[in-house]
1. Shape call for the range 102-220 from the C-alpha gyration tensor, a ≥ b ≥ c root eigenvalues: rounded (a/c under 1.5), prolate (a/b greater than b/c) or oblate?
2. Calculate, for Asn187 and Lys56, the FRET efficiency according to 1/(1 + (r/R0)^6) with r their C-beta to C-beta distance and R0 25 Å; round to the nearest 0.05.
3. Along Cα→Cβ, 7 Å out, is where each label goes; now give me the distance between the ones at Lys69 and Ala12 in nm to one decimal.
4. For the range 257-265, take each phi angle, set θ = phi - 60°, evaluate the Karplus expression 6.51 cos²θ - 1.76 cosθ + 1.60, and give the result in whole Hz per residue in order, putting x for glycine and proline.
5. What angle, in degrees between 0 and 90 and rounded to the nearest 10, separates the Cα long axis of helix 318-329 from the longest principal axis of the Cα atoms of the chain?
6. Taking amide H atoms as placed 1.01 Å from N in the peptide plane, list the residues 5 or more away in sequence, or in a different chain, whose amide H sits under 5 Å from that of His384.
7. Quick check for me: using +1 on Lys/Arg Cβ and -1 on Asp/Glu Cβ, what's the dipole size of the chain about its Cα centre, in debye to the nearest 20?
8. Report the extension gain between Glu445 and Glu126 in nm, rounded to one decimal, defined as 0.36 nm multiplied by the number of residues separating them, less their alpha carbon distance.
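Only the coordinates and a few stated rules stand behind these numbers; no lab work does. This structure is a prediction, so every number in the text was calculated from the model and none was measured. Note: ideal-geometry Cβ built from the backbone for every residue, glycine included; neighbour counts use all protein chains shown.
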Amino acid sequence: MYNYFMDKILFAGLKKIYGNDILYKKEDLYPYAYDTSPNPDDIMLPEFVVYPLNSKQVSQTILLCAKHKVSVIARGAGTCHCGGCRVKNRAVVLHFSKMDKILEINKEDLTARVQPNAVIKKINEEAEKLNLFFPPDPSNLAVSTIGGAAALSSGGPRTFKYGSAKDYIINLEVVLSDGRIIKTGSNVAKNVTGYNLTSLFIGSEGTLGIITELTLRLIPKPEARMVTMAYFDSLIEAAGAVNNIINSGFTPATLDLLDKNTLNTIEKFNPCGLLCDKEAALLIELDGFRESLQIEKKKIFEILKSSNAAQITQAQNEEENEKIWRTRRSAFAAVTKLRPNVITEDVVVPRSKIVALVRGIEDMCKKHNIVVCIMGHAGDGNIHPNFALDLNNKEERESFNTVKDKLFSLAISLGGCLSGEHGIGSEKKKYLKDALDNGAIEYMEKIKKLFDPQNIINPYKMF
Ligand SMILES: Cc1cc2nc3c(=O)[nH]c(=O)nc-3n(C[C@H](O)[C@H](O)[C@H](O)COP(=O)(O)OP(=O)(O)OC[C@H]3O[C@@H](n4cnc5c(N)ncnc54)[C@H](O)[C@@H]3O)c2cc1C
């Protein structure tokens, strides 16, 4: 445990910015030491937590922290799986819960201007009132903030058709390590005016600057959606069906894969009629105009049957669509009931290598006696093994560490990468050199130094 003490001069400086709205008692700081990555032995508390109301306060905080050589960590909902919110040295956490507004939705320009803690589900609810749509959909979109989603370039089941956060953020207001507040782009749909600074910040895991406002690109909301579950007696047949659907010219919004363990675990804790004797299931969502969906559905059913689907179930209305989605989104919560800890990884491979990856994960878990439920976005090769563990059990922990090493080296050997959507943070940084060209890493480190020469913005993450 970090030997915490309060820096009185820093506290006095923060009081000038925030008045009494500062957390500093040990018991209040604990929740801000964690995100959803595994609990480390060397947990550190931040020194203070503050709640900015505007970018000026963020700028003043950064300048104050720079003077005291204290780090600054931005935090949204804290659901990061890779340790991005964790504290690695003396730090002040900026919790954005008071900057959660949807400032403007412009129907004509198809844009939304939002503060960093605007929750993705709420952005979509407001956009839908104007028949608009913000596609990025992390499964925890009911809590996930747009600032966190931008910092991680979050995706989700709809990424196959629509892309991830990086494809829908066109301009950012960012506070830099020298306190300067900049706009990275313009509020226009297309823009090649200078370097694409907006893209540089998206996915940078809060290590280059602090995002205080975002302009999002919206698209017209599809008129209807149709959700189908197709069950298979083998993983190979399920993967074959994914290829057959895509090769026949269809782009479903979602092509999600659930393995037998995932089906059984969800059904055990949240009974909803999943077919647990099947080896794999595909959750397929089609969206578009109501009439064309009927034609697409007929053809997709034909493809599923010719791909040996053992059973196909079809939601009959929007309520049933939502029921299937609630089921799918409950997967992580269900796995948490198997063992005291769950660790979710999100390796990504070329789609042609999904079967080899899933088989490899099953084999390594069997060999090392680790419980795993595998699901993922089969359309884009992004597979989530959810490992259910007891991290207090030393032997199990060591076995898991071996499995983790093997998982990343398997993904890389199959032409894949460490993360499709969760990021690197503190959890995966030791594997970065295996996954990326060393020259690329060198330039990434130079970019970090350029933006943050004192290494105070979310330091010791990624590299
Ligand atoms: C049950 C569950 C399901 C999930 N499903 C998905 C999924 O389907 N797809 C997916 O991509 N991810 C998923 N995630 C991972 C994660 O929750 C998402 O990436 C989410 O978008 C992160 O948002 P957050 O508000 O929790 O960010 P946080 O965890 O608070 O922050 C994440 C990172 O962003 C940085 N950050 C936060 N705010 C700012 C800011 N204003 N400026 C600069 N940096 C900032 C933080 O420092 C941290 O490094 C899931 C997580 C859980 C627990």
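1. The shape class here is prolate.
2. Between Asn187 and Lys56 the formula returns 0.75.
3. 2.0
4. My calculation for the range 257-265 gives 10, 10, 8, 4, 4, 5, 4, 5, 5 Hz in order.
5. Here the helix axis deviates by roughly 60 degrees.
6. When sequence neighbours closer than 5 places are left aside, the close amide H contacts are Met375, Gly376, His377.
7. I would put it at about 1040 debye.
8. Length gained, Glu445 through Glu126: 111.0 nm.
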